[in-house]
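Here is the structure we will look at.
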Amino acid sequence: MTHGNTPHCYSVYRMDTLYPPPQDIQRTTLSAGRHRLHVETSGNPRGLPVLFLHGGPGSGCRPHHHRFFNPQHYHIILLDQRGCGRSQPHGGLQDNTTWHLIDDIEALRTSLNISSWMLFGGSWGAALALVYAQHYPRAVSSMILRGSFLARKADLHWLTQRGANRHFPLAWQQFSNAVNDYEQHDMVSAYYQRLCSDDHRTQLMYAKLWETWSSVVTLGRERPSPSSVSLSQLEEKLLIEKASIALHYAYHDYFLDQHPIADHLHQLPQVPIKIIHGRDDYLCRLSASETLAKHLPWASMSRVNNGGHLAEDSLICRELVKATDAFAQNLVFD
């Protein structure tokens, strides 16, 4: 990990590493109470089933997420989590907890008549993969985890209190000074309360601040002030909803206070697991993946020199595709 005030800025969006865009994407909707979840499938329906779990919370699936997998070998499945991407209602917080998401994943597996599948997740997606595998171990054939996030208080504290701020002092000053001094001991609560405001301008201001700080840490570089970015009315709405979901989960300790991921690693199935983590990941600390590797002796871990957080980081992307290729060669298809 690079230290100091000018962190390493890694390259992103080197799509030449990925497989070509699929031509056969099938789209459907999974009903889940008040939520309608957007699902996409591509590749070989008789291939190795793999579920792509996006990060956030609050992000969504993108077209290039299909491209981490050889379409001849994989049955590729993408799911927009509740309130995210093209799932409806977008930004919906009712009935939106980690446990609802776990139920959705299992309902999707059942609806597709899949006996077991690979889980491919990074950051928050890795956390979801771990929780799901702890509760449905027989449904998991293998796992590829990138930039693992264990959703511990210490992990959130690193982002929002003390840790990442040392690397990005200018962005941190902008982020922290936006709330009162007496609130700065709990930045998540301060921002959560403002995103719950009835005033649109307040919501937008703090959604921009949250997104800017999160992006600085994710990308590993300082960015322009959020006030310098002009957004359309729709973009404002989507930004507020994305930040609201992220803070909804963070404020509630990711709904895992009764089931901490790190306390239940013994419940994970002894299936092939590949852990990939960039040494220059400022958002999710390398120590989280090292904790996994220590407690999962059957797992393989790659520490990527100069690699950052995002799956689109060229160095991380290369490792991910290498892992999916290796798994396709070594695992027996259903």
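Every number here is computed from the coordinates shown, using simple stated rules; none is lab data. From a predicted model like this one, the values you see are computed outputs, not experimental measurements. Backbone-built Cβ (ideal geometry, glycine too); neighbour counts: all protein chains shown.
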* To do: Round to the nearest 10 and give me the degree value, 0 to 90, for the angle of helix 124-135's Cα axis relative to the longest principal axis of the chain.
  => 50
* To do: Please report, largest first and rounded to whole Å, the three semi-axes of the ellipsoid equivalent to region 153-255, where each semi-axis is the square root of five times an eigenvalue of the C-alpha gyration tensor.
  => 20, 17, 13
* **Cα pair distances exceeding 22 angstrom across region 15-137, given as percent** => 29
* Asked: Highest GNM mean-square fluctuation, the chain, Cα pairs closer than 10 Å: which of 188, 179, 140?
  -> 179
* To do: Would you please put 159-166, 117-124 in order of how densely packed they are, using the mean number of other Cβ atoms within 10 angstrom per residue and starting with the highest?
  => 117-124, 159-166
* Charges only on Cβ, +1 for Lys and Arg, -1 for Asp and Glu: so what's the dipole of the chain about the Cα centre, in debye to the nearest 20? -> 540
* Structure fact -> From the cross-link list 153/294; 237/322; 242/294; 208/274; 208/322; 242/274, the entries with a Cα-Cα span beyond 31 Å are 237/322; 242/294; 208/274; 208/322
* Structure fact -> By the C-alpha gyration tensor axes a ≥ b ≥ c (rounded if a/c is under 1.5, else prolate when a/b exceeds b/c, else oblate), the shape of region 89-195 is prolate
* Run the numbers on the chain and let me know its relative contact order in percent, using alpha-carbon pairs under 8 Å that are six or more apart. => 23
* **Mean residue ellipticity (222 nm) of the chain, computed from DSSP H runs ≥ 4 via -39,500 (n - 2.57), nearest 500** => -11000 deg cm²/dmol
* Structure fact -> Here P(r) for region 203-301, Cα-Cα distances in 10 Å bins, as whole percents, is 13, 31, 30, 19, 7
* To do: Filter the GluC sites (Glu not before Pro) in region 202-276 down to the DSSP loop ones having no more than 14 other Cβ atoms within 10 Å, then list what survives.
  => none
* Could you tell me which of 305, 84, 289 has its Cα farthest along the dipole of the chain towards the positive end, charges placed at Cβ (Lys, Arg +1; Asp, Glu -1), taken about the Cα centre? => 305
